[in-house]
Amino acid sequence: MVCPACGNQAEGTFCSRCGVQLQAPAPVYGGPPPLMVVPRVQQHIHVLGVLWYVYAAYRAVMGIFGALFLFGMSKPEFMGNWGSHGRFPEPFQAPFMDGLAGLVLVLTVGAALLSFAVGFALMNRKPWGRTLAIIAAILQLIKIPFGTALGIYTLWVLAPSASGAEYEAIADHS
């Protein structure tokens, strides 16, 4: 059978390339018309991949700005000696911020790399992409508002067991 969506030669109930349902259920005469199953994962997988890429860039930029601010708090000369008389006022000088800035930088770049890996896995239909996306979505739920919204959307698309079967049908196993 030829897939009506992508033209791939496929056998079975779903297309192995795009995941579209190939065989419609047999009509029942005298009853309600059969419900057509809309391939939810296929519809949303590209949008999810792009959103995870955008979220990765957002996390990286915000982490770098946060780390630069904390480095500036610990070493005023790092930011070009700005402030009153070339230095921060005494209450704002915090030498311990140097270590905190390094920790913030490492954690946010790590989170950005995780988000980038999720976007890459979803865009390229990797078999492990669904699992990684669900784990990353759960971790991002506490990052209000953008991480929460992306986490809920990801879980809504990928968490149901029917979505697992559909993702498996469209995954690139090569």
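The values are calculated or read from the model by the stated rules, or taken from the named source; none is laboratory data. Only a predicted model underlies this, so the values are computations on that prediction, with no experimental measurement involved. Cβ coordinates were reconstructed from backbone atoms using ideal geometry, including for glycine residues, and neighbour counts include every protein chain displayed.
Take the residues in the stretch 55-78 that are at pLDDT below 85 and among the charged types (D, E, K, R); name whichever of them is farthest from LEU139 (Cα to Cα).
Among those residues, the one meeting the criterion is GLU77.
Keeping to the stretch 150-174, report how many residues are of a type in the set (Val, Ile, Thr) and over 12 Å from PRO39 (Cα atoms).
Filtering the stretch 150-174 down to residues of a type in the set (Val, Ile, Thr) leaves 152, 154, 157, 170.
Restricting the remaining residues to those that are over 12 Å from PRO39 (Cα atoms) gives 152, 154.
Result for the stretch 150-174: 2.
Go through the stretch 2-13 and give me each residue that's modelled with pLDDT of 75 or more and outside any loop (DSSP other than H, G, I, E, B).
Within the stretch 2-13, GLN9 is the sole residue that qualifies.
I need the full set of residues from the stretch 29-46 which are out of contact with any Ser or Thr (no Cβ under 8 Å at 6 or more places or on another chain) and either modelled with pLDDT under 75 or among the hydrophobic types (A, V, I, L, M, F, W, C) (or both), in order please.
Of the residues in the stretch 29-46, the ones out of contact with any Ser or Thr (no Cβ under 8 Å at 6 or more places or on another chain) are 29-39, 42-46.
TYR29, GLY30, GLY31, PRO32, PRO33, PRO34, LEU35, MET36, VAL37, VAL38, ILE45, listed by residue number.
So ALA26 clears everything in (1) surrounded by fewer than 18 Cβ atoms within 10 Å (Cβ to Cβ); (2) modelled with pLDDT of 70 or more except one condition, right? Which one?
(2)
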